[in-house]
Amino acid sequence: MTGSSAETEEVGYKRSQRQRRESDWRLFLRLIPYARRSGRLLLLSIVLLVPVAVSGAIQPLIIGQAISLIRKEQTWSILQGRDLSTGLNILAVLLLLTVIARLVLVSTQSYTVQKVGQQITNAIRDDLFDHVTSLAVRFFDRTPVGKLITRLTSDVEALGDVFTTGAIGIVSDLFSILVIAIAMFSLQWQLATMLVLMLIPVTGVIIYFQQQYRQANYLAREELSGLNATLQENIVGINVVQLFRREKFNAELFRTINKRYIKEVDRTIFHDSAVSATLEWISLVAIAGVLWLGGIQILQNQLSFGTLSAFILFAQRLFDPLRQFAEKFTSIQAGFTAVERIADILNEPIEIRDPEHPKSLPSSVGAGFTNQSVEPRNISLNPPLQKPRNISLNPPSDQLPITNYPLPIGEIKFEHVWFAYKQDEYVIQDLDFTIHPGEKVALVGPTGAGKSSIIRLLCRLYEPTKGRILLDGVDIRDVSQMELRRYMGVILQDGFLFAGDVKSNITLGETYPFEQVVAAAEKTNVAQFIEQLPQGYDTQLRERGTNLSGGQKQLLAFARAAIRDPRILVLDEATASLDVRTEALIQDALDRLLVGRTAIIIAHRLSTIRNVDRILVLKRGQLIESGSHQELLQQGGLYASLYKLQMLGN
């Protein structure tokens, strides 16, 4: 972000500042349902405000009575007629009791408030994580990961302060000021009026500086999000950073962003410190005013020394809640900034939702990977050329390419599907084709042809802009996402592994018996290497599986798909960039997995798909050719050109 862009952000903030201030109450109301979950603790913390405030107001009165007793001035009725030593002992015991009571009450109230805040923070973080993981992939395309992490961590922590040191604390301080004001007016109204009137300009100063703090804090959190995004990007891409010697360049870029962040943090510190300094100065002025006016009244015999001493203590205690109020107001302003930023995430619509009354897909009755009675079809990586097969774009049901076992389900149908990542920039245009049950279809085409977009639409990671996609005659939007994704197994070129043991990376949280995990591993040729690991299936994998080779991770991806026994198998460059031995193992696992399933295969190496039932050739999101390998070569179109270029390259 340049200096001018930072100024633009500030101008934009100022324009919307009034709107945000008006919505602060609405933002606060969004937290009420979370507070209700801890209703008893919240009620206890509020009830304790009364004795805490009363105990704080009584202490100056007791000290004032002690001074009046020493000077033999008017005192409470319980002290009259007693000697000095007895009276002071009574007052000392009362003062000690109030100190102990206040200590216990403040500690209890502080504990309950903090506990309520932590429970609210925990609930909001859970809901925010659930919401973020439910958002469509489109949201993550435009949102840096570092910014999301900031909102899930530091923003949520700041939000908890809205209740812990914010709302309840401010109520406590206001109640303390009210109790102290009542106590002062009960003693002497002139001094009480002077001190209360001094609260008005102080309140105005606090509001002004807090508005400035709110603006600076918002911009500081935006810079922190950018800082975390840069940090996350450099850590994830550390291999590229080091290979291309970008350490110094990236360090300088990080340093620039860090300086912008510190600049905004310095602004928040300045406004926060200005409030504290103003309150310190005002409290000294208040004490001086009490001494001046009280001294005049003492000289006129209108005030006792004990009452004057009590008012000096009241002047200090009156501004202590106000000082704490300012500090808590700073916390609550930071919390509102966090609520504002978190609300931006929670307000993000969940584009892809389950229908209210989901339809069911047909049950699997074909030959799954556990069926030993069906011979696997050899879709090899480098098969010999075969006699051309006459497979049309939408062949009739009596001419299906595979008929040696029952395949009643697994049909995929795209009906005039259009799709755009950005409005009116279509990457898929009027796609209309059918893949029949058990058919093995390859998607080919140059980069940007829309192959991966078709897979994302089929898996419902995105919604079609126009048209619809059917599985066995059912619109995928009418099926629950859980059932849809269990119906399909997707194997990508780079299988993502989570930190955890091998077994959990195959089951992914599902409750499969261990025997079934072993069976899936054996069927996909992954069992041998798992058994060679130090703890076998209980071996802990590092983040993204960095303690495994690329081939081993890919084998685990095949086992992950196999254990779910999907009706449709999607392979997106699943065998690319592997050594010959691992590729042979994966090819054997692939042959097993393809038995009895509908399959969509994306491959850039055209030699690997010569034996599929049908090849769909895409260009700029449109289907321009369809047929078997030999048919497309004879047509002499785009596929033939791509194939000849690859053969020449080889």
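The values are calculated or read from the model by the stated rules, or taken from the named source; none is laboratory data. Since we're looking at a predicted model, the values are computed, not measured. Backbone-built Cβ (ideal geometry, glycine too); neighbour counts: all protein chains shown. Calculation scope for accessible area: heavy atoms of the full protein, side chains included, ligands and nucleic acids excluded. Shrake-Rupley method; radii C 1.70, N 1.55, O 1.52, S 1.80 Å.
General observations
- Among the conditions (1) over 18 Å from Ala584 (Cβ atoms); (2) modelled with pLDDT of 85 or more, Gly545 misses just one, which is (2).
- Test result for Arg567, in contact (Cβ under 8 Å) with a residue 60 or more places away in the chain and of a type in the set (Lys, Arg): yes
- Only listed residue being open to solvent by 50 Å² or more (accessible area, probe 1.4 Å), among the hydrophobic types (A, V, I, L, M, F, W, C) and in contact with an Asp or Glu (Cβ under 9 Å, 6 or more places away or on another chain), chosen from Ile262, Ile257, Ile342, Ile296: Ile262
- Among residues that are open to solvent by less than 20 Å² (accessible area, probe 1.4 Å) and not hydrophobic (A, V, I, L, M, F, W, C), Gly169 is included.
- Which listed residue, of Ile609, Ile602, Ile615, Ile586, is over 28 Å from Leu470 (Cα atoms), touching a residue at least 40 places away in the same chain (Cβ under 8 Å), open to solvent by less than 20 Å² (accessible area, probe 1.4 Å) and not hydroxyl-bearing (Ser, Thr, Tyr): Ile586
- Filtering the range 199-226 to residues that are surrounded by fewer than 19 Cβ atoms within 10 Å (Cβ to Cβ) and of a type in the set (A, V, I, L, M, F, W, C) leaves Leu199, Ile200, Val205, Ile207.
- Screening the range 618-650 for residues that are surrounded by fewer than 14 Cβ atoms within 10 Å (Cβ to Cβ) and outside any helix (DSSP H, G or I) and picking the one that is modelled with the highest pLDDT gives Gly636.
- Failed item, numbered, when Phe139 is tested on (1) aromatic (Phe, Trp, Tyr); (2) touching a His at 6+ places or on another chain (Cβ under 9 Å); (3) surrounded by fewer than 22 Cβ atoms within 10 Å (Cβ to Cβ): (2)
The rows are residues; the columns are (1) closer than 14 Å to Ile46 by Cβ; (2) in contact (Cβ under 8 Å) with a residue 24 or more places away in the chain; (3) surrounded by 15 or more Cβ atoms within 10 Å (Cβ to Cβ).
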| position | (1), (2), (3) |
| --- | --- |
| Asp83 | no, no, no |
| Gly87 | no, no, yes |
| Leu91 | no, yes, yes |
| Leu94 | no, yes, yes |
| Val99 | no, yes, no |
| Arg102 | no, yes, yes |
| Ser110 | yes, no, yes |
| Ile120 | no, yes, yes |
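Okay, residues lined up against (1) in contact with a strand residue (DSSP E or B) (Cβ under 7 Å, 6 or more places away or on another chain); (2) outside any helix (DSSP H, G or I); (3) open to solvent by 20 Å² or more (accessible area, probe 1.4 Å):
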residue	(1), (2), (3)
Gln516	no, no, yes
Ala521	no, no, no
Asn525	no, yes, yes
Phe529	no, no, yes
Arg544	no, no, yes
Asn547	yes, yes, yes
Gly551	no, no, no
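- For Gln300, the conditions (1) under 31 Å from the mean Cα position of the chain (by Cα); (2) within 27 Å of Ile67 (Cβ to Cβ) all hold with the exception of (1).
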